[in-house]
Amino acid sequence: MTNQSQSHDQEQAKQPAQMDVGPEKKFRQYLSEGSFHLQRCDQCRQHVFYPRLLCPHCGSMQLTWVPASGRATVYSTSVPRSGGSSYNIALVDLEEGPRMMTRVVDVAPEDVTIGMPVTAFIGTIEPNGEPLVLFRPISGDDS
Amino acid sequence: MNHSLRGSCAVAGIGLTDFGDLPGRSALENTAEAVHSALTDAGIHKSEVDALFTSNFPDTFAALHLAEYLGVQPHVLDDTNIGGAVYVSQLQHAAAAIQAGLCNVAVIAMGSNTRSKLKQQGIIDGPRELFPYEDEYRPKAPMNAYALAAARHMHQYGTTREHLAEIAVAARAWAQLNPRAIRRTPLSIAEVMAAPMVCDPLSAMDCCLIADAGAAVVLVSADRARDLPQSPVYLLGVGVATTHAGISQMPDLTVTASVESGKRAYDMAGLSAREVDVVSLYDAFTINTLLFLEDLGFCPKGEGGNFVSDGNIAPGGGLPVNTNGGGLSCVHPGMYGLMLIIEAVEQLRHAAGERQIPGAEIALCNGNGGHLSSQATAIFGTSSSL
């Protein structure tokens, strides 16, 4: 009993140094540093989002973080409404392949259209909120 | 594909509570009343129940709670949660368990007090863990996922809000023939179009109602069913499929996994859409009906809008769909799937009153769960279909 609890204590003590940062935490770390990263599979070369331990395409555990281009196209769009306020919820297809949910901002929510080219930035949707990947339309100057 | 389940089991009993506002009732009480009613209908005492299938959003130990409450000690317990499709998927589990000799009398049951809870506590029952990488954008769950699917279908195939309104109007017309249905006042396309938008392109009238209700069915072997009081309604085919959990991971927002669940059910039944007399589709939102009609082969992909036009799925139309009034106008207790089965059984017992489809022999149910995430299709038939 004593031995067991000692070894348990040792394990506990070792944990911080050996803590394995999983893909979810790593993604959030990148976001907090202001960058949007995707994973790419070393085996099948496909990009992966959301972040995972294994490739959902081929099953490989060998995934490498790469910076996202930020370029995407709106796949579908909607305008949730409540109490007189409205905002945009969209699905965008990233240039690298994966699809993600986001908000397209800096444009009226109902003016977001399917097929619209958009570009990513890191922002928040409320004061003091967690950093998120948001998108805005690519203006004539950007493209 | 293993066809051995075809016709091996039958629904011997069905039970329902009242629908709507049951403010003095707990969810478990509604479940228990429906179970008692279904067992009475089947002519089976609860001491014979040796398999229990249930599921709901708030209760993690739903099967244990229900078994204890009923005073039964089942050999087979299942409270899988794949969303509202679950009860149709449990037909697959129950039929396989009966066929394998693991049990003899399977009860599939649900109960909800979702409407009263909303009124009394301001809480909408829903899954506790939703979708990481989606929730943080605050989509209006669950209709947001369906709004995204509707917008994409409109973009790709020219489907319009009027097409979706046809579906709401058809459901209401059926509900007017069903004394149990909650929403029975006449509804026009213009009224649906004028309803406030809740999540563009869906309006309030594109969304199902929220109701308290309990429902249960009793499944036994076909041999046993033939000795019981009710005409057996045979399970001819059942299939389950999934493509994603969160809507952002759905491969194609215009094609649901019911293509696959439907194929599995049709293959097992040895039937096709052409042979189906009456259809029950999980219509939490109008777009669901349209997608499932296409995916289950009642019309080609992209032509759902035209198919539902001019009252084609309403009473007197070409294909009877959601003859109880559906989740849109009859009842929607948070997870609706069991109501699909009960309507199929009533139609095949030829006991559906004013809404009865004359001579109905084959009925199809399609359950949907999550955010178009899980699909479960079941095909039932009368003894003439064996």
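The values are calculated or read from the model by the stated rules, or taken from the named source; none is laboratory data. None of the values given here were measured: they were computed from a predicted structure. Virtual Cβ from ideal backbone geometry, glycine too; neighbours counted across all protein chains shown.
Can you confirm whether segment B:122-135 contains a residue that is in contact with a helix residue (DSSP H, G or I) (Cβ under 8 Å, 6 or more places away or on another chain), more than 12 Å from chain A (Cβ to nearest Cβ) and either β-branched (Val, Ile, Thr) or under 23 Å from B:ASN322 (Cα atoms) (or both)? Checked against the condition, which is being in contact with a helix residue (DSSP H, G or I) (Cβ under 8 Å, 6 or more places away or on another chain), more than 12 Å from chain A (Cβ to nearest Cβ) and either β-branched (Val, Ile, Thr) or under 23 Å from B:ASN322 (Cα atoms) (or both), segment B:122-135 yields at least one hit. Of everything listed in (1) within 14 Å of chain A (Cβ to nearest Cβ); (2) in contact (Cβ under 8 Å) with a residue 12 or more places away in the chain; (3) surrounded by fewer than 22 Cβ atoms within 10 Å (Cβ to Cβ); (4) in a helix (DSSP H, G or I), the single unmet condition for B:ALA150 is (3).
The set of residues from segment A:42-66 being closer than 23 Å to A:GLY115 by Cα and either in contact with a helix residue (DSSP H, G or I) (Cβ under 9 Å, 6 or more places away or on another chain) or within 12 Å of another protein chain (Cβ to nearest Cβ) (or both) comprises A:VAL48, A:PHE49, A:TYR50. Please determine, by comparing only the residues of segment B:232-256 that are within 22 Å of B:ILE362 (Cα to Cα) and in contact with a Leu (Cβ under 8 Å, 6 or more places away or on another chain), which one is nearest to the other protein chains (Cβ to nearest Cβ). Once the filter is applied, the top-ranked residue is B:VAL238. The set of residues in segment A:84-101 being at negative phi and either touching a Leu at 6+ places or on another chain (Cβ under 9 Å) or more than 11 Å from chain B (Cβ to nearest Cβ) (or both) consists of A:SER85, A:ILE89, A:ALA90, A:LEU91, A:LEU94, A:GLU95, A:GLU96, A:PRO98, A:ARG99, A:MET100, A:MET101. Of all the listed residues (B:ALA96, B:ALA100, B:ALA204, B:ALA195), the sole one being within 14 Å of another protein chain (Cβ to nearest Cβ), under 30 Å from B:GLN347 (Cα atoms) and surrounded by fewer than 20 Cβ atoms within 10 Å (Cβ to Cβ) is B:ALA204.
Of all residues in segment B:32-57, those satisfying the criterion of being closer than 24 Å to B:ALA96 by Cβ, in a helix (DSSP H, G or I), out of contact with any His (no Cβ under 9 Å at 6 or more places or on another chain) and not charged (D, E, K, R) are B:ALA34, B:VAL35, B:ALA38, B:ALA42, B:SER47. For the residues B:ALA241, B:ALA216, B:ALA173, the requirement of being modelled with pLDDT of 95 or more, surrounded by fewer than 23 Cβ atoms within 10 Å (Cβ to Cβ) and part of a strand (DSSP E or B) singles out B:ALA241. Annotation note: of A:THR77, A:THR102, the sole residue that is free of Cβ contacts under 8 Å to residues at least 40 places away in the same chain and more than 20 Å from A:LEU31 (Cβ to Cβ) is A:THR77. (1) in a helix (DSSP H, G or I); (2) under 23 Å from B:VAL331 (Cα atoms); (3) at the interface with chain A (Cβ under 9 Å from one of its Cβ atoms); (4) modelled with pLDDT under 95: which one isn't true of B:LYS117, the others all being true? In the conditions (1) in a helix (DSSP H, G or I); (2) under 23 Å from B:VAL331 (Cα atoms); (3) at the interface with chain A (Cβ under 9 Å from one of its Cβ atoms); (4) modelled with pLDDT under 95, B:LYS117 misses (3) alone.
A Cβ distance below 8 Å, combined with a sequence gap of six or more or placement on separate chains, defines the contacts here; from segment B:104-131, residues that are closer than 16 Å to B:GLY369 by Cα reach residues that are in a loop (DSSP other than H, G, I, E, B) and hydroxyl-bearing (Ser, Thr, Tyr) in the pairs B:MET110/B:SER55.
List every residue pair whose Cβ atoms lie under 6 Å apart, where the two residues are 6 or more positions apart in sequence or sit on different chains, the first residue falls within segment B:327-356 and is closer than 18 Å to B:VAL276 by Cβ, and the second residue, located anywhere, is charged (D, E, K, R). Every condition considered, the pairs that remain are B:ALA352/B:GLU346.
Any residue that is basic (Lys, Arg), within 28 Å of B:MET250 (Cα to Cα) and over 19 Å from the mean Cα position of the chain (by Cα) - is there at least one of those in segment B:113-127? No, the conditions are met nowhere in segment B:113-127.
Inside segment A:125-143, residues that are surrounded by fewer than 16 Cβ atoms within 10 Å (Cβ to Cβ), out of contact with any helix residue (DSSP H, G or I) (no Cβ under 9 Å at 6 or more places or on another chain) and either closer than 18 Å to B:LEU148 by Cβ or at the interface with another protein chain (Cβ under 10 Å from one of its Cβ atoms) (or both) make up a count of 1. Restricting A:VAL104, A:VAL118 to residues that are out of contact with any helix residue (DSSP H, G or I) (no Cβ under 6 Å at 6 or more places or on another chain), within 11 Å of chain B (Cβ to nearest Cβ) and under 25 Å from B:TYR146 (Cα atoms) narrows the list to A:VAL104.
No other residue among B:SER248, B:SER272, B:SER258 is free of Cβ contacts under 8 Å to residues at least 60 places away in the same chain and among the small types (Gly, Ala, Ser) apart from B:SER272.
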